[in-house]
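Visitor: Structure in structure tokens, see below.
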Amino acid sequence: MRFAGLSVCLLVASGCGRVAYVAPDAARDAPGGLDATASLDASSGLDASSGLDASSSADAPSSADAPSSADAPSSADAPSSADAFASADAFASGDAAPPIGTYNRMFLSPLVPDAAFGGLAGGDAICASAARAAGLGGTFIAFLSTTTVDAIDRLGSAQGWVRPDGRVVARSQADLVALASIDYPPSVDAFGVRNPPGGYGTFTGTRLDGTASSLETCGDWTLATGFGTGGSFDLASYDWHARSGVSCGAPARLFCMQIDHTSAPPTAVPLPGRRIFAAYRPDSSESPDAACARVGAAIPGATFHALVATSTSSAAARFTWDRWPIVNTRGLVVAESFTDLSTDGLWTSVMQVDGSSAIFSMLATGAPSFTDVGTQTCADWTSASSTLTGAVSLLGYTAQHWFSSGSAQCSNPMWFYCLED
């Protein structure tokens with residue numbers, strides 16, 4: 001098997017596999033066809049939604065239109081020479097992230113030991129301290145709700161959030177909430193280090209629409225007992241801030257958001273690359289490869305096979321790794337190197353073939369990791385028996401557990417990753 005091009009691309013001024021960005025002409029429409037499939041089996045060990053405003057019915061993907069392409073960049077979009085993240089020449093070439101000095105930064109706080117951190121003022125102080133330590137100027141707040149304050153209202157008139165590593169999270173408050181998808185997950189700390197260890201929970205106390213989740217705010221962030229509403233920092237989806245219940249007594253992080261700027265970051269121009277999407281398989285009579293071929297027919301001139309382990313093969317061994325980057329069907333970078341897939345985790349979420357989210361959906365993988373031969377494969381994906389289990393993750397995860405985070409009964413509806421040959 002040939003594993004070529006395995007060097008890690010550093011995210012520096014010139015970029016590597018970056019999406020090009022151009023200034024938006026109008027507000028971006030929320031993607032259609034969002035799909036929240038079956039709730040997870042209690043024994044799976046995966047996060048299950050707890051009292052959140054998200055559907056748990058199993059629907060097959062819709063045929064919503066793919067996002068429209070963005071306009072070409074203009075010279076007005078180039079960053080100033082003072083910008084530390086991209087030179088004007090690099091940005092004009094479409095190979096680097098947009099200048100972040102003009103836009104609000106968004107990052108993860110260090111771990112807090114529990115939810116008794118002193119209310120909104122305490123959360124804001126944690127974020128301000130982390131920003132100062134990283135040399136980030138501006139005013140930062142924690143994205144938190146209380147029983148009397150909605151997190152979305154705490155943003156004031158601010159618009160546009162970019163991670164410290166230069167990747168765009170959201171262009172507007174509308175993109176942050178309801179059914180809008182974000183570009184890249186808010187999965188980096190104030191220094192730009194992504195996927196920090198220490199758990200995946202974040203305290204928010206917030207519902208999908210950005211308003212307070214009643215009685216799920218850990219005593220308005222003064223108690224270390226009970227449960228609150230939390231998010232998951234490695235999701236690039238509409239429920240990044242309202243994924244599940246979190247223990248008020250457990251360590252977690254906060255989403256820290258700058259509120260100084262009102263300019264929307266430029267819109268991403270889809271980047272050419274090796275495409276990956278998620279396909280829903282209605283029943284076990286269809287093989288994973290057949291499901292990928294059926295759904296992938298919507299992309300002319302390309303063939304797709306399932307990125308899934310079997311009892312005789314790892315998922316990695318089913319492909320030759322000589323084409324980078326791997327991009328989702330919105331043209332955003334999913335992986336820049338084999339190391340991303342095997343060790344570091346994905347950059348952003350895998351979407352449906354039409355570019356819409358398919359979050360809280362069982363994602364069949366078959367093995368503990370991308371490079372392992374299958375150990376739980378539902379009889380090589382031919383059985384829907386409730387007595388068998390398959391190794392799964394949840395569609396939308398990035399970070400290191402994008403490929404497997406638990407197991408579930410084979411009778412559950414499942415999706416598969418589909419990668420271009």
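The values are calculated or read from the model by the stated rules, or taken from the named source; none is laboratory data. Fair warning: this is a prediction, and the values are worked out from it, not measured in the lab. Neighbour counts are summed over all protein chains in view; Cβ atoms, including those assigned to glycine, are modelled from backbone coordinates with ideal geometry.
Visitor: Against the conditions (1) at pLDDT below 95; (2) of a type in the set (Phe, Trp, Tyr); (3) under 19 Å from Ala131 (Cα atoms), where does Phe203 fall short? Just the number, please.
Guide: Just one mismatch for Phe203, condition (1).
Visitor: While we're on this one: Please find, among Asp354, Asp340, the residue that is touching a Ser or Thr at 6+ places or on another chain (Cβ under 9 Å), of a type in the set (D, E, K, R), crowded, with 17+ Cβ neighbours inside 10 Å and over 16 Å from Ala408 (Cα atoms). Show your work before the answer.
Guide: Values: Asp340 fails: touching a Ser or Thr at 6+ places or on another chain (Cβ under 9 Å).
Unique residue meeting the criteria: Asp354.
Visitor: Return the residues of the range 297-309 that are touching a residue at least 24 places away in the same chain (Cβ under 8 Å), more than 11 Å from Ala278 (Cβ to Cβ) and among the small types (Gly, Ala, Ser); say none if nothing qualifies.
Guide: Those that are touching a residue at least 24 places away in the same chain (Cβ under 8 Å), more than 11 Å from Ala278 (Cβ to Cβ) and among the small types (Gly, Ala, Ser): Ala298, Ala302, Ala309.
Visitor: Of the numbered conditions (1) closer than 28 Å to Arg163 by Cβ; (2) part of a loop (DSSP other than H, G, I, E, B); (3) among the acidic types (Asp, Glu), Asp340 fails exactly one; give the number of that condition.
Guide: Going through (1) closer than 28 Å to Arg163 by Cβ; (2) part of a loop (DSSP other than H, G, I, E, B); (3) among the acidic types (Asp, Glu) one by one, Asp340 breaks only (2).
Per-residue answers, yes or no, for (1) assigned by TED's automatic domain parsing to the domain that holds Ser405; (2) surrounded by fewer than 17 Cβ atoms within 10 Å (Cβ to Cβ); (3) acidic (Asp, Glu):
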site: Phe191; (1), (2), (3): no, yes, no
site: Asn195; (1), (2), (3): no, no, no
site: Thr204; (1), (2), (3): no, no, no
site: Asp209; (1), (2), (3): no, yes, yes
site: Thr217; (1), (2), (3): no, no, no
site: Thr222; (1), (2), (3): no, yes, no
site: Thr225; (1), (2), (3): no, yes, no
site: Gly228; (1), (2), (3): no, no, no
site: Ser232; (1), (2), (3): no, no, no
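Visitor: Also, quick follow-up: Quick check, is Ala367 of a type outside the set (Val, Ile, Thr) and part of a loop (DSSP other than H, G, I, E, B)?
Guide: Yes: the conditions hold for Ala367.
Visitor: Looking at (1) surrounded by fewer than 22 Cβ atoms within 10 Å (Cβ to Cβ); (2) of a type outside the set (Asp, Glu); (3) farther than 23 Å from Ala290 by Cβ, which one does Ser385 not meet, given that it meets all the others?
Guide: (3)
Visitor: How many of the residues in the range 266-315 are among the small types (Gly, Ala, Ser), part of a loop (DSSP other than H, G, I, E, B) and surrounded by fewer than 20 Cβ atoms within 10 Å (Cβ to Cβ)?
Guide: Within the range 266-315, the subset among the small types (Gly, Ala, Ser) is 268, 273, 278-279, 284-285, 287, 290-291, 293, 296-298, 301-302, 306, 309, 311, 313-315.
From the residues that got through so far, the ones that are part of a loop (DSSP other than H, G, I, E, B) too are 273, 284-285, 287, 297-298, 301-302, 309, 311, 315.
Subset that is surrounded by fewer than 20 Cβ atoms within 10 Å (Cβ to Cβ): 284-285, 287, 297-298, 301-302, 311.
Result for the range 266-315: 8.
Visitor: Hey, could you check the range 236-265 for residues that are in a loop (DSSP other than H, G, I, E, B) and of a type in the set (Gly, Ala, Ser) and say which is surrounded by the fewest Cβ atoms within 10 Å (Cβ to Cβ)? Walk me through how you get there before you give the answer.
Guide: So in the range 236-265, the residues in a loop (DSSP other than H, G, I, E, B) come out as 236-243, 248-251, 254, 259-265.
Then keep just the ones that are of a type in the set (Gly, Ala, Ser); that gives 236-237, 242, 249-250, 263-264.
On the way: Ala236: 29, Ser237: 27, Ala242: 25, Gly249: 16, Ala250: 17, Ser263: 13, Ala264: 20.
Among residues in the range 236-265 that are in a loop (DSSP other than H, G, I, E, B) and of a type in the set (Gly, Ala, Ser), the one surrounded by the fewest Cβ atoms within 10 Å (Cβ to Cβ) is Ser263.
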